[in-house]
1. Please go through segment 155-170 and pick out each residue that is hydrophobic (A, V, I, L, M, F, W, C) and loosely packed, with under 13 Cβ neighbours inside 10 Å.
2. Go through (1) of a type outside the set (Phe, Trp, Tyr); (2) free of Cβ contacts under 8 Å to residues at least 24 places away in the same chain; (3) touching a Leu at 6+ places or on another chain (Cβ under 7 Å) for residue 95 and report which single condition fails.
3. State the number of residues belonging to segment 31-52 that are of a type in the set (S, T, N, Q) and either surrounded by fewer than 10 Cβ atoms within 10 Å (Cβ to Cβ) or part of a loop (DSSP other than H, G, I, E, B) (or both).
4. I'm told residue 83 meets every condition in (1) in a loop (DSSP other than H, G, I, E, B); (2) at pLDDT 80 or above except one. Can you identify the failing condition by its number?
5. Pairs, please: C-beta under 7 Å, at least 6 apart or cross-chain, first residue under 19 Å from residue 149 (Cβ atoms) and touching a residue at least 12 places away in the same chain (Cβ under 8 Å) and in segment 115-131, second assigned to a helix (DSSP H, G or I) and not charged (D, E, K, R)?
6. Looking at 180, 173, 99, 152, which is the one that is over 52 Å from the mean Cα position of the chain (by Cα) and surrounded by 12 or more Cβ atoms within 10 Å (Cβ to Cβ)?
7. Which residue is nearest to residue 117 (Cα to Cα), if the candidates are limited to segment 129-171 and must be assigned to a helix (DSSP H, G or I) and of a type in the set (S, T, N, Q)?
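The values are calculated or read from the model by the stated rules, or taken from the named source; none is laboratory data. Keep in mind the model is a prediction, meaning the values are calculated, not measured. All Cβ positions, glycine included, derive from the backbone under ideal geometry; neighbour counts span all protein chains shown. Keep in mind that these areas ignore ligands, DNA and RNA; they rest on the heavy atoms of the full protein, side chains included. Shrake-Rupley method; radii C 1.70, N 1.55, O 1.52, S 1.80 Å.
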Amino acid sequence: MEQAELELQIKVWKDLAVSNQVLMRAAKEALELDPDCSTIELKTALNAAIKRSLDADAAIETAQQQSQQAIAVMEKKIATSEKAQATAESNSEEIQAALKLYEQQMTVERANHAKELKKTKTELADKEKSLKAINKALADTPENVMKKLRALKKQKNDEAAACKQAEDNARSLRKEKKQLEQDLNESN
């Protein structure tokens, strides 16, 4: 039995040696080495390949960490940008609503001023008719004429002041509208 056991061991060692040779040949081919190179050269080449592999793994890990950091920074910037955009849209909507309200108010104010101006002109015309009738009815004595002229002058000054005030109000409303439109344009 010793002979059979010995032959078995020799066969196992032989298979091991062959598979070892095949493995070494495959490693030499993979490393692009000369098939007849020594084991020291093979070991050196394997160590160099292992070192390159480890260096590549470390470089990949570093690159992954850097890319994750860059992604996190970009996500923060995107979130900030989205918040700013939402705020700007909200402000724009508020400004547009305020502009519509001011336009409506200006339209109402214009109508009121136009009515007041028309009313003032009608009153002025009526007063002029009354004054003409009074002038015809009264004698044109110098004292009466002076009194009438003073009264007319006072009336005209009052009416001119009322017209001027109405025009000033209309101008201020136009300025407010123009300012609101500029604010709206600047916010967009």
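1. 160, 161 - these are the residues of segment 155-170 that are hydrophobic (A, V, I, L, M, F, W, C) and loosely packed, with under 13 Cβ neighbours inside 10 Å.
2. (2)
3. 2
4. Status for residue 83: all satisfied but (1).
5. 127/155; 131/152
6. 152
7. Checking each candidate, the answer is 165.
Every residue, every condition in (1) closer than 15 Å to residue 183 by Cβ; (2) basic (Lys, Arg); (3) out of contact with any Asp or Glu (no Cβ under 6 Å at 6 or more places or on another chain); (4) open to solvent by less than 100 Å² (accessible area, probe 1.4 Å), yes or no:
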position: 61; (1), (2), (3), (4): no, no, yes, no
position: 66; (1), (2), (3), (4): no, no, yes, no
position: 69; (1), (2), (3), (4): no, no, yes, no
position: 81; (1), (2), (3), (4): no, no, yes, yes
position: 84; (1), (2), (3), (4): no, no, yes, yes
position: 91; (1), (2), (3), (4): yes, no, yes, yes
position: 103; (1), (2), (3), (4): yes, no, yes, yes
